[in-house]
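Here the structure comes first, spelled out in structure tokens, and everything after it is commentary.
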Amino acid sequence: MINQHQCQGSMGSTSNDLSTAIQQMLETVAQNDELKRGLRMATTAAAVSEVAALAGFEIAPAALVKHYAQRLLDAPDATAVHNFDLCSWDAGELLWAMNNWSVQD
């Protein structure tokens, strides 16, 4: 049986707790072909959270997104660019998305 791990938000969870939960989730997923396939097919934070839940980890989509964004912000410039480039985003698609992002007034 898989133990349930929760990482709901940044206020109640430290970055290290979320990093640990993500690492443990990835280790669990690596042992299950169905979960690996699900994670490879996930294209949204909610879809990643669904796979995490199937692996026994409750990771809120917003917490996941903010965690990775914060890690980019906290990294030295060269590391941030390298990690961003690892995502292999299509530049046109990314620019379109950024142009259409919702902003808080």
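No lab work stands behind these numbers, since they all come straight from the coordinates. Owing to the predicted nature of the structure, the values given are computational and were not obtained by experimental measurement. Positions of Cβ are generated from backbone atoms using ideal geometry, with glycine treated the same way; all protein chains shown enter the neighbour counts.
Around MET41, what is the net charge, scoring Lys/Arg as +1 and Asp/Glu as -1 over all other residues with Cβ under 13 Å from its Cβ?
Working: positive: LYS36, ARG37, ARG40; negative: ASP33, GLU34, GLU50.
Charge balance near MET41 sits at 0.
Suppose a student asked you for the relative contact order of region 26-94, using Cα pairs under 8 Å spaced at least 6 residues apart; what percent would you report?
Reported as a whole number, the value is 18 percent.
Taking neighbour counts of Cβ atoms within 10 Å as a proxy for exposure, in what order, fewest first, do TRP96, TRP101 appear?
Listing TRP96, TRP101 from fewest to most nearby Cβ atoms yields TRP101, TRP96.
At a 10 Å Cβ-Cβ cut-off, how would you order MET25, MET41, fewest neighbours first? Mind showing how you got there, number by number?
Working: MET25 25, MET41 9.
Listing MET25, MET41 from fewest to most nearby Cβ atoms yields MET41, MET25.
Going by C-beta contacts inside 10 Å, put ILE22, ILE59 in order with the fewest on the left.
ILE22, ILE59
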